[in-house]
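Each value in this text was obtained by applying a stated rule to the coordinates, not by laboratory testing. It should be emphasised that the depicted structure is a prediction, and the values quoted were computed from it without experimental measurement. FYI the Cβ positions are ideal-geometry reconstructions off the backbone, even for glycines, and counts take in every protein chain you see.
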Amino acid sequence: MATVELTDATFEKTVTENDIVLVDFWATWCPPCRMFGPVFEASSEANPDIVHAKMDTDAQPGVPTAAQVTSIPTLMAFREGILVFRQAGALPAPALKQVVEAVKGLDMDEVRAQRDAALSGGPTSA
C-alpha cells in the first residue's frame with residue numbers, strides 16, 4: 001500500500017479508524033525528511049496491513065502544532081487510536097522495521113490499562 005497524505009481534517013479519522021497507523025511528519029525543505037521518505041515508502045509496500053501516512057508540517061500545521069512536533073522528521077505510531085511510539089529523526093530501514101514489529105506485537109489490553117492508570121493518576125501494573 002502506498003503512503004497516504006494526511007490533512008488536519010483527516011488525521012483523527014485515519015488514526016481512529018485503522019488498527020495501526022504510522023505518521024511521518026515532514027516538510028519539503030528538510031533533507032533528513034527527504035532521506036527518510038524512501039525508507040517509509042518501502043515500509044508501506046512491505047506492510048500493506050499498516051496505514052503509512054505523511055503529514056506536511058508546513059501545509060498542515062494544526063495537528064503538528066497540537067502534537068508538539070518540534071523536530072522533523074518525527075515518526076508517530078498509533079495502535080487502536082492510541083499513540084504508542086514517537087521519535088524525532090530519520091530512522092534507518094532496520095530501525096523502522098523494529099518499530100513496526102514492536103507495534104504489531106503490543107498487548108493492547110496492557111497498553112490500555114497503563115494509559116488508564118496514567119490518566120487516573122494511579123500506579124501501573126508494570
Order by protection proxy (mean Cβ within 10 Å, highest first), peptides 53-65, 89-101: 53-65, 89-101
Within segment 63-111: Cβ-based charge dipole about Cα centre, in debye rounded to nearest 20 (Lys, Arg +1; Asp, Glu -1): 260 debye
Residues THR74, THR7, THR14 arranged by fewest to most Cβ contacts within 10 Å: THR7, THR14, THR74
Three-way shape call for segment 73-126 based on the alpha-carbon gyration tensor, with the a/c threshold at 1.5: prolate
Positive-end residue, segment 4-120 charge dipole about Cα centroid, Cβ charges, pick of SER43, ILE72, LEU106: ILE72
Additional length obtainable on full extension of the chain from ALA9 to ALA27, 0.36 nm per residue less Cα span: 4.7 nm
Cβ charges +1 (Lys, Arg) and -1 (Asp, Glu), total dipole of the chain, debye: 320 debye
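Let me know the shape class of segment 1-58, please: from the alpha-carbon gyration tensor, a ≥ b ≥ c as square roots of the eigenvalues, rounded when a/c is under 1.5, otherwise prolate if a/b is greater than b/c, or oblate.
Details: a/c = 2.91, a/b = 1.19, b/c = 2.43.
Note, shape of segment 1-58 comes out oblate.
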DSSP bridge orientation in segment 4-120 - percent antiparallel, rounded to nearest 5: 60 percent
Value of [θ]222 nm, deg cm²/dmol, for the chain, DSSP H segments ≥ 4, -39500 (n - 2.57) each, nearest 500: -12500 deg cm²/dmol
Packing rank of 113-120, 76-83, where each peptide gets the mean count of other beta carbons within 10 Å, highest leading: 76-83, 113-120
Most positive-pole-ward Cα, THR28, PRO61, VAL15, against dipole of segment 4-120 from beta carbon charges: THR28
Overall Cα dimensions of segment 4-120 - principal axes, largest extent first, Å: 40, 30, 22
Computed lengthening from ASN18 to LYS104, 0.36 nm per intervening residue step minus Cα-Cα distance: 29.7 nm
